[in-house]
Amino acid sequence: MLLAFSGPVSANGISHENQIIRFAVEGDDNHIHIAQEFLDVGIPDANIIDVEIIGDRNGGFQPWASRLVSGLGLEPGSLSQSGWGNELGLKVTGSDNVFATRQQGQWNVIDGVITGSGNQAAIQQSGIGNNVAFSQSGQRNMIVVSQSTN
């Protein structure tokens, strides 16, 4: 299941002048919720979400394995952006991986790769100009990142 809220539907995903979502999903029972909110302050930098998933039961199909993650308030399978100029690139290959991201502010970047099974990734960014790149490979790995420039 894929739920995406951004703007009018286009042929390659969902896009709006300042909100772009590109996604490709192959497999079964993948659960993803995508939400974008562009704050129009006269800056034309688009929010961009680019996701590729190959496998089964990825995203929000399972709960978080640690209370540390649940303390961030991120729902498994949720990818959200609020502000402008935020970018998320995520490639998931494998099954039973849980992930969520939240970007609030401007010019925040997340670039992630998850390969394997049973891995979990939770990334939260707020403020201006935060950057994180991560790669997980194998089974039952967990990464939790919270960045703030406030």
Point to revise | Alpha-carbon centroid distance for the pair segment 125-150 / segment 45-73, whole angstrom | key: 12
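Please work out the FRET efficiency for the pair Ala133 and Asp28, using the Cβ-Cβ distance as r and a Förster radius of 22 Å; give the result to the nearest 0.05. Numbers along the way, then the final one.
Working: r = 29 Å, r/R0 = 1.31.
Efficiency, rounded to the nearest 0.05: 0.15.
Only the coordinates and a few stated rules stand behind these numbers; no lab work does. Please read all numbers here as calculations on a predicted model, not as lab measurements. Note that we place each Cβ from the backbone using ideal geometry, even for glycine, and neighbour counts take in every protein chain shown.
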